[in-house]
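Asker: Take a look at this one; I'll ask things after.
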Amino acid sequence: MSAPAPSVVAALESAGLDYRVIEHTAPVRSLAEAAAARGVEVVDVVKTLVVRRGEGDYLFVLVPGGRQICWPKLRTLLAVSRMSMPPADEAFAATGFERGTITPLGSSTAWPVVADLVIASRGEVTLGSGVHSVAVGVDARALLEAVGATIADVTELE
């Protein structure tokens with residue numbers, strides 16, 4: 001059985017978070033397939049996106065499944081006029097994780113975290129584990145507290 005990245009396991013355990021490891025036994029090609037493979041609703045598949053505010057200045061945005069970043073809302077929250085999604089190699093350099101596995105837990109740098117308020121109302125959510133085909137399930141509120149997330153309305157339906 002595959003396991004989350006060692007840094008992710010260390011972060012989960014250091015934060016005292018109960019978690020479950022979810023291994024995808026087959027490739028998932030959509031959000032619906034990921035939710036089915038994890039045994040959760042689509043909204044409970046949380047995407048961790050890396051956003052660049054400026055040179056060497058990043059943050060994580062936690063986005064529930066079926067939603068996307070609403071850039072005007074995020075810019076207003078952060079009081080910035082420009083932000084972008086860095087290319088995959090830059091996101092890897094900033095986090096130590098490949099795109100599709102990124103998580104704020106155990107990242108090589110503890111960037112600030114913004115979480116959409118929908119996540120705060122959920123029970124268990126699932127997110128990347130630093131390893132392809134492996135996710136972790138954690139209590140949403142405990143996760144947000146552990147990563148010191150700013151909780152705000154920053155997404156819209158896809």
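Asker: So Gly128 fits all but one of (1) crowded, with 16+ Cβ neighbours inside 10 Å; (2) closer than 19 Å to Ser7 by Cβ; (3) touching a helix residue (DSSP H, G or I) at 6+ places or on another chain (Cβ under 8 Å); what number is the exception?
Answerer: The one condition Gly128 does not meet is (3).
Asker: Just to confirm my filter: which strands (runs of 3 or more DSSP E) fall fully inside the stretch 101-158 and include at least 2 residues that are closer than 15 Å to Pro64 by Cα and out of contact with any strand residue (DSSP E or B) (no Cβ under 7 Å at 6 or more places or on another chain)?
Answerer: none
Asker: Contact list please: Cβ distance under 6 Å, first residue in the stretch 56-72 and farther than 19 Å from Gly100 by Cβ, second residue at pLDDT 95 or above and polar (S, T, N, Q), pairs at least six apart or on different chains.
Answerer: If the second residue must be at pLDDT 95 or above and polar (S, T, N, Q), the pairs left are Cys70/Thr155.
Conditions (1) hydroxyl-bearing (Ser, Thr, Tyr); (2) part of a loop (DSSP other than H, G, I, E, B); (3) under 15 Å from the mean Cα position of the chain (by Cα); (4) within 22 Å of Ala5 (Cα to Cα), marked per residue:
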{"residue": "Ala35", "(1), (2), (3), (4)": "no, no, yes, yes"}
{"residue": "Val46", "(1), (2), (3), (4)": "no, no, yes, yes"}
{"residue": "Leu49", "(1), (2), (3), (4)": "no, no, yes, yes"}
{"residue": "Arg53", "(1), (2), (3), (4)": "no, no, no, no"}
{"residue": "Phe60", "(1), (2), (3), (4)": "no, no, yes, yes"}
{"residue": "Leu77", "(1), (2), (3), (4)": "no, no, no, no"}
{"residue": "Asp89", "(1), (2), (3), (4)": "no, no, no, yes"}
{"residue": "Phe97", "(1), (2), (3), (4)": "no, yes, yes, yes"}
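Asker: Can you work out which of the residues in the stretch 30-59 that are more than 15 Å from Ala135 (Cα to Cα) and among the basic types (Lys, Arg) is surrounded by the most Cβ atoms within 10 Å (Cβ to Cβ)?
Answerer: If we take residues in the stretch 30-59 being more than 15 Å from Ala135 (Cα to Cα) and among the basic types (Lys, Arg), then Arg52 is surrounded by the most Cβ atoms within 10 Å (Cβ to Cβ).
The values are calculated or read from the model by the stated rules, or taken from the named source; none is laboratory data. Keep in mind that this is a model prediction, so the values were computed, not measured. Heads up, the Cβs are rebuilt from the backbone with ideal geometry, glycines too, and the neighbour counts pull from every protein chain shown.
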